[in-house]
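Right, one structure below, let's go through it.
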Amino acid sequence: MRITMIGTGYVGLVSGVCFSDFGHDVICVDKDPRKIEMLQAGEVPIYEPGLDALMAKNVESGRLSFTTDLKTAVAGADAVFIAVGTPTRRGDGHADLTYVMAAAEEVAQALTGYAVIVTKSTVPVGTNRKVKQVVAKANPAAEFDVASNPEFLREGAAIDDFMRPDRVVVGVQTERAGEVMAEIYRPLFLRDFPIVTTDLESAEMIKYAANAFLATKITFINEIAALCEKVGADVKEVSKGVGMDGRIGNKFLHAGPGYGGSCFPKDTSALARIGQEHAMPQSIVETVIRVNDDIKHRMIEKLRDLCDGSFNGKTIAVLGVTFKPNTDDMRDAPSLTIVPAMVGGGAKVRVVDPQGFREGEALLPGVVWSDDPYKAAHNADLVVILTEWNEFRALDLDRMARKMAHARMADLRNVYSPRDAKRAGFEAYEGVGR
């Protein structure tokens, strides 16, 4: 199959590379000439484990290429995927579809024959029908179908998620479009991975409902964690016991400083807005959004208490600022709420993160960046584990405690146990829900 991928952001680039590894011919298109120049030079503009090697392999095979020329890339394509950004629109919480509709119009004018226009971006219910209208208006003679194919990629594990998915969701209107999509995903079908073929609206809703449910699980266990602190329970033991129930499952039941990232904040906000527009409020989702914001501010108070009630004049080492490990993504990361509060309160903050500097330098003004957690902890009053990178899972706690002016730890990911911290010489240790 000949595939065109519009957009080389996280979703577009990973999807394009993986489709080429299936054996399809893929052209990835982006308006940003600098990004295309990087990709043509073999440089990956995002951090995703294994992506650079897989990209190089398929470029060398001749199945994968990059261009700014959308018209040439779309000509003769069997399927054109739209994988552009849908950021939260200022003021109303809805997904901004400006880039999606602009891409659809450009694609319409570039079509030379039948193609399936596939929305890979996360879009509100009803968007694909609007895409169809935009294409038909821009090019009344165009022969095409639309399809919805939402992504379910976890940053840091995206390649494995694409190659070994829990399911692939495809929303179509016609049998012809269904056949094209089936051929595209045939390598997964042959390996017995589930392909869910449904209507456009259901496919769009599946994506939002899935992310909202996962965000709800995270927020639920974070609320339980707050209660555990009051009653003397350990949320790690509670999560373990609850997660063993097959009806619940153990994933996304890890207490922490709240969810962030490119999907959950944006998608919960959009789903809440969709509910409001259709006079069917999503009360649980709206509460999840509010509680998640509250959790981040509760973490700030936890840190302030460990600093004797004031950040002013304190030196604090922060380990990890990306929203999760194995990514350089800072979008809606808890650190963007927590770190500025400490800096604004008068603290000297030192940050260590294996990949966070690229985006974090601009997003976290006033901090000092370090590449060594022990240097960052030297003469510090508090060390905060904010993102559970593997590099922070096996620290020499004795060494760290000895270097600190006041050996205090806020372990907001529950990486260590209170007993281990105490044995290492920490005078104070605070986890979440313990």
Looking only at the stretch 37-46, decide whether some residue is within 24 Å of VAL169 (Cβ to Cβ) and either of a type outside the set (Asp, Glu) or modelled with pLDDT under 95 (or both).
-> yes
Hey, could you check the stretch 123-149 for residues that are polar (S, T, N, Q) and in contact (Cβ under 8 Å) with a residue 24 or more places away in the chain and say which is most open to solvent (accessible area, probe 1.4 Å)?
-> ASN139
Matching residues in the stretch 106-137 - criterion: being over 26 Å from the mean Cα position of the chain (by Cα) and not in a helix (DSSP H, G or I) = LEU111, THR112, GLY113, TYR114, ALA115, VAL116
LYS207 is checked against (1) basic (Lys, Arg); (2) without any contact (Cβ under 8 Å) to a residue 40 or more places away in the chain; (3) buried (at least 18 other Cβ atoms within 10 Å of the Cβ); (4) farther than 19 Å from VAL291 by Cβ and fails just one. What number does that condition carry?
-> (2)
Would you confirm whether any residue within the stretch 357-365 is crowded, with 21+ Cβ neighbours inside 10 Å and within 26 Å of the chain's Cα centre (by Cα)?
-> yes
Would you point out the residue of the stretch 37-59, among those that are part of a loop (DSSP other than H, G, I, E, B) and surrounded by 14 or more Cβ atoms within 10 Å (Cβ to Cβ), that is farthest from the chain's Cα centre (by Cα)?
-> VAL44
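Can you tell which of ARG176, ARG191, ARG186, ARG154 is open to solvent by 50 Å² or more (accessible area, probe 1.4 Å), among the basic types (Lys, Arg) and within 23 Å of the chain's Cα centre (by Cα)?
Just a single option satisfies the conditions, and that option is ARG154.
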The stretch 285-314 residues that are more than 20 Å from GLU427 (Cβ to Cβ), paired with ones that are at pLDDT 95 or above and open to solvent by 60 Å² or more (accessible area, probe 1.4 Å) (beta carbon under 7 Å, 6 or more apart) | VAL291/GLU223
Enumerate the pairs (first residue in the stretch 150-167 and assigned to a loop (DSSP other than H, G, I, E, B); second residue anywhere and open to solvent by 30 Å² or more (accessible area, probe 1.4 Å) and not aliphatic (A, V, I, L, M)) with beta-carbon separation below 6 Å, excluding pairs fewer than 6 apart on the same chain, so at least 6 apart or on different chains.
-> GLY156/ASN326; PRO165/PHE193; ARG167/PRO194
Taking the stretch 66-99 only, how many residues are part of a strand (DSSP E or B) and open to solvent by 50 Å² or more (accessible area, probe 1.4 Å)?
-> 1
Kindly indicate the residue of the stretch 265-300 that is closer than 15 Å to ILE218 by Cα, within 17 Å of the chain's Cα centre (by Cα) and not acidic (Asp, Glu) and also surrounded by the fewest Cβ atoms within 10 Å (Cβ to Cβ) among those meeting that condition.
-> ILE289
Counting only residues that are within 18 Å of VAL146 (Cβ to Cβ) and in contact with a Gly (Cβ under 7 Å, 6 or more places away or on another chain), the stretch 83-100 contains a total of 3
Any residue in the stretch 195-208 that is in contact with a Phe, Trp or Tyr (Cβ under 8 Å, 6 or more places away or on another chain), of a type outside the set (S, T, N, Q) and at pLDDT 95 or above?
-> yes
The strands (runs of 3 or more DSSP E) lying entirely within the stretch 335-434 that contain at least 1 residues which are within 19 Å of LEU303 (Cα to Cα) and in contact (Cβ under 8 Å) with a residue 24 or more places away in the chain are 348-352, 382-385, 408-411, 428-430
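The values are calculated or read from the model by the stated rules, or taken from the named source; none is laboratory data. Since the model is a prediction, treat every value here as computed from it, not as a measurement. With ideal geometry, Cβ positions are generated from the backbone for all residues, glycine too; neighbour counts draw on all protein chains shown. Heavy atoms of the whole protein, side chains included, go into the accessibility calculation; ligands, DNA and RNA do not. Shrake-Rupley method; radii C 1.70, N 1.55, O 1.52, S 1.80 Å.
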